[in-house]
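The values are calculated or read from the model by the stated rules, or taken from the named source; none is laboratory data. What you see is a predicted model, and the numbers here were worked out from it, not measured in a lab. Positions of Cβ are generated from backbone atoms using ideal geometry, with glycine treated the same way; all protein chains shown enter the neighbour counts.
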Amino acid sequence: MIPVGMFVDREFEQGFLNERYNSDRAELIIIYGRRRVGKTRLLQEFVRDKKHLYLMADVSENVLDSFSRVISKKYGFVRFENWDDFFEFLHSIARERVVVVIDEFQYLYRVDKAFPTILQRWWETLKNSKIMLILCGSIISTIYKISLGYGSALYGRKTAELEVKPLKFVEIKNFFPRYSPKELVEVYAVLGGVPRYLEEFDDLADIASNIKSKILNRTSFLYNEPLNLLFEEFKDYSRYFGILNAIAGGATTFSEISSKSKVPQNKLSKYLMTLERIGIAKRIYPVTERKAKRTVYKLSDNFYRFWFRYVYPNRSFLEMDEVDPVLEEIRGDFNAFVGLAFEDIVIEMLSKKYKAGRWWYKDVEIDVVGIRKDEVVFFEVKWRDLSYKEALKILDKLEEKSELVKIDGKRKYGIVARKIREKEKLEGYFVYDLDDLIKS
């Protein structure tokens, strides 16, 4: 476990910001991403050694008074009566490079719908200064409306945008230096890569103990987290909740989701696109296809997947502090649950060199297929320990199934498992286990 707020990784994001800082022009940068993903911590780290103003927006009608107080502590007494006063001040201090961060800037739109238009007008002046203005926000649906979507007030004015995404599996090791490779996969399967969630687990305790105290405990931070985020993000959050619950319950096709969630098909597309945009759900189709004829939907966020599978259906028990029966249910099929996340980890790692994804046709499935130029690799992924004979049998079956995949290129085959005994005997195949993945 690392101390809450410790800065971990984000090398790409830091490099992006420093490159923009060192440019010779004014910058208007939109930084966005879901809540708890580490945007604020990233920006705090970035401005630490630079001349800067860090302003936290809120829904108060007196937000300009708040900004005035913060700025007065650095520049002497100022008072902003309106947004023109505020931007005129920013222009006056931007004769030299200065970073101005407005965090949770989407709240300014809630307070004053004219804010994006006022900024749009002022940018015609500020773009000739040395300002680096960073607008950072979490409510992605609102951010798209005011700054990212085509036709929004800031669409043609921003100089760059950056989505801060959850950490990848290989990036979470520093959170849990005491955990084994197996435990790292398990914790990633439960929490995903959101730093604030990862901070909750303690690697002095095992995974089951952390789940019991940090998720199933009705007083814990994570217990109601998905509900809280949906409520904050969406006005009609009950619709989104119903869709997510339907997908978690096994509805994967468009018609199945519509039927189970009671959302009409003519409205469902809008909701699914929004859930994709914020990174909670995604549509997938066989990696060999260019057109999404066989699209299915899944929850792409591991914690939401865990919460809808184990927490929400058992809230009647958990509200009465009857945690042990729920924990036993989790123990009963935890390996199957982790196995799905393990496949995603393999796809993530294979994607460094290949176009990688799943493949299926009718009742035949191949866990992972990687495609590049004239080469195709097929992998089976098993979240269990395998003997040499078991692995070889799985590989033989994989070669048989791959004959159904209509694609050109030299074919190679591989297997990834938790542990493979005598794996060196599997010559001619790609063979990886947990130790190999952790080293990569």
**Prompt:** What pairs come up if the first residue lies in region 13-28 and is among the small types (Gly, Ala, Ser), the second is modelled with pLDDT under 95, and their beta carbons are under 8 Å apart, counting only those six or more places apart or on different chains?
**Reply:** Ala26/Thr159
**Request:** Taking the options Leu272, Leu229, name whichever one is free of Cβ contacts under 8 Å to residues at least 60 places away in the same chain, in a helix (DSSP H, G or I) and under 17 Å from the mean Cα position of the chain (by Cα).
**Result:** Leu272
**Request:** Kindly indicate whether Ser209 is under 29 Å from Glu319 (Cβ atoms) and among the small types (Gly, Ala, Ser).
**Result:** yes
**Request:** Give the residues of region 38-71 that are farther than 27 Å from Gly192 by Cα and acidic (Asp, Glu), sorted by residue number.
**Result:** Asp49, Asp58, Glu61, Asp65
**Item:** Pick from region 146-177, criterion out of contact with any Asp or Glu (no Cβ under 9 Å at 6 or more places or on another chain) and part of a strand (DSSP E or B), ranking: surrounded by the fewest Cβ atoms within 10 Å (Cβ to Cβ)
**Value:** Glu161
**Request:** Would you tally the residues in region 118-145 being farther than 13 Å from Gly33 by Cα, crowded, with 24+ Cβ neighbours inside 10 Å and modelled with pLDDT under 85?
**Result:** 0
**Item:** Odd one out for Arg157, checked against (1) free of Cβ contacts under 8 Å to residues at least 12 places away in the same chain; (2) touching a helix residue (DSSP H, G or I) at 6+ places or on another chain (Cβ under 6 Å)
**Value:** (1)
